[in-house]
Amino acid sequence: MSVRSYARALMSVLIAAPLLAAAGCKPDNPEKMPGTKAAKASESAKAAKPKDDTAVADASSAAQPAPAAKPAFKVDPLDWPMWRGPRQDGISAETGIVGEWEIDGKNVVWEAKELATRSTPIVMRGKLYTLARFAPETPREGECVLCADPATGKVLWTNSWNVFLSDVPKERVAWSAVVGDPETGNVYAQSVNGYLQCIDGESGKTIWSHSMTEEYGLLSTYGGRTNVPIVYDDLVIASAVMTNWGDYAVPTHRFMAFDKRTGETIWFTGTTPRPADTTYSTPVTTVFDGLAAMVFGSGDGAVWAMQPRTGAPIWKYKITIRGINVTPLIDSGIVYMGQSEENFPDVNTMGQVAAIKGNAGTGGKDITEGGALWVDKGVMIGRSSMIKVKNRLYGADDSGNLYTFEADSGKQVGKRVKLAGSIMRASLTYADGKIYACTTNVWHVCTPDEKAGVKVTHRLRFKEGEEIHGSPVVSHGKLFLATTDRMFCLAEKDAKPGVDQELAATKTEAETLFGSGPATVQVIPAESIVKPGEKVQYRVRLYDEKGQPVESKDKPKFTIEGPGEIADDGTYTAPSGKQHSGVLVKATVGALSGTARLRVIPPLPWSFDFSDKEIPVTWIGMRYRHQIREVEGNPMMVKITTIPLGTKSRGWFGPNDLHDYTIQADVRSATEDNKMADVGLIAQRYTMDLMGTKQQLQLRSWDSELDRWSKTVDFAWKADTWYTMKFQASTEGGKAVLRGKVWPRDDKEPAEWSIEATDDYGNLQGSPGMFGNATDAEIFIDNVKVTAN
């Protein structure tokens, strides 16, 4: 990404040490997952607490001056720290880059099968990093971050983890990319199942992590679309479609900003609820007339601009009725975006390229009407992100047709060029006067042409089954290309690398600190989870209408909605007792206010009978897809069949660091057209699924990959009959041991387990929860209990 001056200090008022445990960001114990070199690093997180947390001794004082600027750090301009490059636009300023090569021959510096991936690598601080499959086709299969020497391709370290509670098939693992932070040297990775990590770039050890599925309701779907996190100032920003708790239970494409050093949640926001799709459009940070902005394609079919420090919306421009997967291209304040779905509002046409005025609105304005400089409908650029060179815009459609546009008018130049191959997933890369374009199995080098638009100068086809999904990257005179079979490092033997200074230039945010009054009150931590009696220290940051930090002489006033107490200095104390509660923490500064959310969840045991006619507010991903219904005078929870895109789903009850416990519930399946539902319990990142149509009982972790680990037994059960399900997870000798039983509710509990299995490479922690597939029939649930073993 384009690196701004990290020397600008962030203003923070009412500063106090963050409580990582209370913020819900306890490390996920990746060291306990066999096959990984990652390690729990809570001490590292404590040592890396935000510098501004020590700036004010009296947290109850009024706004304080901004802390001293952080020491400058040197950024290597030839590094490639994110998948779209140092300028976030697929452009390299380097010269002397390879123009042709031969597989196993000419201009191949090295190839490494160990680095095979569908992801795009990055290069930073003398190391290459990439996401990849881990131990393919073995019982240890999962996902990993690999670090290698870019000079030799030798793997230096591996940080691996299990894929759990996900429908993503193994072939789509690593459908994201790591992002590097030039300041700290850390790298960040969001896995297909929502496991977000901050990893030390030198050692490969995990500094902090979040299980985004269990904590925030991230949807991990069969399509495998996974967003790439970005780094901005002191934040790492991640996104996905999520079904959270409380008012955030409705599925929404949401963005979360975490402190990049500690994992503390800084802000949490979303776009339009009930989006049609998940996406893999990576946000791009930029500046519009001095206004810092983060621009992305959303699952709701709109291009959005938000303030990266606050998440406050700047504008949105709707171009389709479905999700947008292309990453925006931004140059000189213009946002270029493509998509290949039904257009909005003209749903009778498919696909378009649009040039959107970046300064067309503020304050969350809808600029769909009048916000574009030009629109070219019918062009299906929906997978591969575009590049801009001088006044020409280049983009490849989903079928591998390469287009050239005049950037200021949208006029097509020459004829579209048909690239060899059938599908275009990789994005375009430009370096040294050459455009690198890869269809699924064919490599192309193209050169810009004044009349024709582009001409293909080199082409190379890979063997059947070897595919390219990631994009070429350029760093320190070398070009790196990953396929599903290997990674190549390419360079011309006698080339003399250099830098095009014009391309290397970047634009920065206007220096208007403290130029206006506060417009946004940010309450930190934005999301927390605590036990009864525990404390959370809240603090406040203020930002002006441009999203820049400001001061105020007004002292924040804290209030809460929900149980517990909050002191004048922002110290919240959770109530005692066994109630599961949601709390809204509000801070008011003058006429402005901001909020944070908190869940109070007691230790085990838990018991839920729905007698209060409510689904617990603290449950993740449950309220939207279920309802309370009285059946024969008894209130119970029902998973209904009419929720769009939500009849098959998972939900979670509490902290993801729990282990060695048993979950139990009474369940009943209705019947529709002689079909029954599937109903399951979740424990320690495993599902025990009572399958209606198949009349089976199944244990699994990675839903779409039963060969990784699973066990299935035949189990006859009837519709419209109550059964009790009991599922126990435990850790024994470093392995996960799973035991389950099912019996008619009115019968005595059997002594024997109905199903038992051991996972040698198991998940050793995870939140209790429920699984259900109500596509064919409704599911009735009552008397849910969770107890320690």
Of (i) 82, 31, 25; (ii) 42, 32, 25; (iii) 62, 39, 19, the label for semi-axes √(5λ) of the Cα gyration tensor in Å derived from the coordinates | (ii)
Rounded Å value of the spacing that divides the Cα centres of the stretch 163-207 and the stretch 668-717 = 29 Å
Separation of the stretch 95-118 and the stretch 356-400 by C-alpha centroid, Å?
-> 32 Å
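Where does the chain land at 222 nm, in deg cm²/dmol rounded to the nearest 500, when only DSSP H runs of n ≥ 4 count, each adding -39500 (n - 2.57), divided by all residues?
Numbers: 3 runs with 15 residues, N = 789.
Helices in the chain give a 222 nm mean residue ellipticity of -500 deg cm²/dmol.
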Exceeding the 25 Å Cα-Cα cut-off - candidates K741/K785; K553/K586; K357/K388; K711/K741; K357/K451 = K357/K451
Here the net charge surrounding L373, from other residues whose Cβ is less than 9 Å away from its Cβ (Lys, Arg +1; Asp, Glu -1), is 0
What's the local net charge at Q627, with K and R +1, D and E -1, over the other residues with C-beta under 12 Å away?
-> +2
Using only the alpha-carbon atoms of the stretch 533-647, report the extent along each of the three principal axes, biggest first, to the nearest angstrom.
-> 60, 36, 21
Packing rank of 461-469, 382-390, 586-594, where each peptide gets the mean count of other beta carbons within 10 Å, highest leading = 382-390, 586-594, 461-469
The stretch 517-568 - Rg over Rh from alpha carbon coordinates, Kirkwood radius = 1.03
Which length gain, in nm to one decimal place, applies between D612 and K675 when the Cα-Cα distance is subtracted from 0.36 nm times their residue separation?
-> 19.6 nm
Considering only the other residues whose Cβ falls under 14 Å of the Cβ of N441, what net charge follows from Lys and Arg at +1 and Asp and Glu at -1?
-> +2
Take each of the peptides 732-743, 320-331, 286-297, 605-616, average the number of other beta-carbon atoms within 10 Å over its residues, and list them starting from the highest.
-> 320-331, 286-297, 732-743, 605-616
Hey, can you find the accessible area per residue of the chain for me, probe 1.4 Å, expressed in square angstrom?
-> 35 Å²
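How high is the relative contact order of the chain, given as a whole-number percent (alpha carbon pairs under 8 Å, six or more residues apart)? Intermediate values should be presented prior to the final figure.
Working: 2354 pairs, mean separation 101.5, N = 789.
13 percent.
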In nm, what is the difference between 0.36 nm times the number of residues separating D247 and D408 and their Cα-Cα distance?
-> 53.7 nm
Once you put a point 7 Å from the Cα of K578 and another 7 Å from the Cα of I423, both along the Cβ direction, what distance in nm separates them?
-> 5.2 nm
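Hey, can you rank 82-88, 650-656, 97-103 by average C-beta count inside 10 Å, highest first? Could you put the intermediate results ahead of the total?
Details: 82-88: 25.9, 650-656: 24.3, 97-103: 19.0.
Order by mean packing, descending: 82-88, 650-656, 97-103.
Which length gain, in nm to one decimal place, applies between W743 and N789 when the Cα-Cα distance is subtracted from 0.36 nm times their residue separation?
On the way: separation 46, 0.36 × 46 = 16.56 nm, distance 1.99 nm.
Gain on stretching W743 to N789: 14.6 nm.
Round to a whole number: what % of the accessible area of the chain belongs to carbon and sulfur, probe 1.4 Å?
On the way: 13330 of 28010 Å².
The C+S portion of the solvent-accessible surface of the chain is 48 percent.
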Which parts of the stretch 657-693 would a label at E756 reach, counting a residue when its backbone N lies under 18 Å from a point 7 Å out along Cα-to-Cβ?
-> 660-663, 688
Nitroxide proxy distance, nm - points 7 Å out along Cα→Cβ at E114 and F715 = 4.2 nm
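The values are calculated or read from the model by the stated rules, or taken from the named source; none is laboratory data. All of these numbers come straight from a predicted model, not from anything done at the bench. Virtual Cβ from ideal backbone geometry, glycine too; neighbours counted across all protein chains shown. These accessible areas exclude ligands, DNA and RNA; they are computed on the full protein's heavy atoms, side chains included. Shrake-Rupley method; radii C 1.70, N 1.55, O 1.52, S 1.80 Å.
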